[in-house]
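Below is one structure, written out as structure tokens; comments come after it.
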Amino acid sequence: MATLLVVISTARAQTAKSWRDSLMVLNEQIRKYPNSTDLRLRKAAVNIELEQWEYAIDEYSRVLELDSKNPAALYYRAYANSNIRRYDLAKYDYERFLSIVPKHFEAQLGLAMIKRKLGKKSETLEELNKLIQLFPDSALAFAVRADYERELQQYEPALYDWDEALRLQPENVEYMVSKVDLLISLKRYEEAWDILDAAMKRGVPKAALKEWIDKCK
């Protein structure tokens, strides 16, 4: 085990060194071509790989000074700001991005999650509803809305959305146990057991479901 940890640590160090080497090259190129948005976007991407969020944000801001509607800079600046909990700034950039690229799954989901973190309940649901309208074949969209509906104690809508997520991805065990967990919390043990039993008959290992099986007893 210790040897494995050393190998993983060494690999990560080598990867980080590789990114830092790339950063040195890009910094040199940017000094020669300071108005190149492509170089600055590439540098910001390396900053993100190194989790240098502030540097990435600064770089995306410089890109936007050169090109105020650059979609990549808006999207990834939102992403970087969300990682350091600057949710209002992330929200602003996601909204600007979506005004340029309206049908973008990750940005629409990102905006919904930012509004969730900001505690904007009705707006979060609106964004999740919009996500499903735009991407009706996305199991993840239904799963995310189901998770939020449970948080809001909207249990029947949550169960409906778990059903839709499972209809689209019937083999997804995570979605299945999420629905089972909700049914157990509602004391609907027989329904929960029927789902678990069906999953085991499909080949899901009993050991993987033990936590929920025990709760059904």
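Every number in this text was worked out from the coordinates using simple rules, so none of it is lab data. Values in this document were obtained by computation on a predicted structure and should not be read as measured data. Glycine also receives a Cβ, built like all others from the backbone with ideal geometry; neighbour counts cover every protein chain displayed.
General observations
- From the list Lys103, Lys91, Lys115, the lone residue that is closer than 29 Å to Leu186 by Cα, free of Cβ contacts under 8 Å to residues at least 40 places away in the same chain, basic (Lys, Arg) and out of contact with any strand residue (DSSP E or B) (no Cβ under 8 Å at 6 or more places or on another chain) is Lys115.
- Members of the stretch 49-91 that are more than 20 Å from the chain's Cα centre (by Cα) and either hydrophobic (A, V, I, L, M, F, W, C) or over 21 Å from Met24 (Cα atoms) (or both): Val63, Leu64, Glu65, Leu66, Asp67, Ser68, Lys69, Asn70
- Out of Lys217, Lys120, Lys206, sole residue that is without any contact (Cβ under 8 Å) to a residue 12 or more places away in the chain, among the basic types (Lys, Arg) and under 30 Å from Ala80 (Cα atoms): Lys120
- Scope the stretch 130-145; condition among the basic types (Lys, Arg) and surrounded by fewer than 17 Cβ atoms within 10 Å (Cβ to Cβ); matching residues: Lys130
- For the stretch 159-177, a residue qualifies if it is crowded, with 21+ Cβ neighbours inside 10 Å and under 19 Å from the mean Cα position of the chain (by Cα), and the qualifying residues are Asp161, Trp162, Ala165, Tyr175.
- Candidate set from the stretch 86-123 (those that are in contact with a helix residue (DSSP H, G or I) (Cβ under 6 Å, 6 or more places away or on another chain) and charged (D, E, K, R)); member that is surrounded by the most Cβ atoms within 10 Å (Cβ to Cβ): Asp93
- Applying the criterion of being assigned to a helix (DSSP H, G or I) and among the aliphatic types (A, V, I, L, M) to the residues of the stretch 69-85, the residue that is surrounded by the fewest Cβ atoms within 10 Å (Cβ to Cβ) is Ala72.
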